[in-house]
1. Using per-residue counts of other Cβ atoms within 10 Å, averaged over each peptide, order 34-43, 110-119 from highest down.
2. How high is the relative contact order of region 67-176, in percent, counting Cα pairs under 8 Å that sit 6 or more residues apart?
3. Using only alpha carbon pairs under 8 Å that are at least six residues apart, calculate the relative contact order of region 8-53 and give it in whole percent.
4. Can you check what the Kirkwood hydrodynamic radius comes to for region 72-129, Cα pairs only, in Å to one decimal?
5. Give the whole-number value, in cubic angstrom per residue, of the convex hull volume spanned by the C-alpha atoms of region 8-53.
6. Obtain the radius of gyration and the Kirkwood radius of region 67-176 from its C-alpha atoms and give Rg over Rh.
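None of the figures in this text is laboratory data; all of them are computed from the coordinates on show. Predicted, not measured: the structure shown is a model, and the values here were computed from it. Cβ coordinates were reconstructed from backbone atoms using ideal geometry, including for glycine residues, and neighbour counts include every protein chain displayed.
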């Protein structure tokens with residue numbers, strides 16, 4: 001009797017499930033067709049224990065509970081680290097940073113634009129070649145300022161994408177370093 005093979009309908013009646021549910025267990029590989037009914041019972045009970053412990057979903061798709069908990073803990077830790085960085089002043093709203101950078105850039109550009117007139121007033125005897133050389137250095141500095149600013153912003157946004165947990169997202173009020 002221990003090695004008896006049971007029909008799916010009889011096994012379903014034994015454990016209180018339908019024959020199609022038993023067929024689903026066979027298809028899912030939980031029980032093997034042709035195995036004795038005691039092996040089916042042991043496999044079925046093992047599956048129920050996994051479901052009850054939360055290590056297996058009700059639909060039979062395996063969940064790695066340890067990995068899921070670790071991912072949640074990591075996400076919570078990253079969110080807390082970000083809140084702490086904001087509190088320490090290491091992070092600021094992107095909008096504020098953009099406003100500060102824009103104001104600083106505008107002030108520098110305005111001063112650069114006024115330089116030629118200032119040189120003509122304060123140094124009227126300065127040769128044109130010298131004024132041109134100064135303007136070229138200023139233009140080069142302005143271009144480097146723009147390139148550096150763009151590179152800095154792109155690097156910080158890339159770093160932010162790597163650091164920010166998915167649930168925090170990137171909205172207008174998101175934070176950046």
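1. 34-43, 110-119
2. Result for region 67-176 is 51 percent.
3. Numbers: 25 pairs, mean separation 10.8, N = 46.
Relative contact order of region 8-53: 24 percent.
4. Numbers: mean 1/r = 0.0650 Å⁻¹.
It is 15.4 Å.
5. 64
6. On the way: Rg = 21.8 Å, Rh = 17.4 Å.
The Rg/Rh ratio comes out at 1.25.
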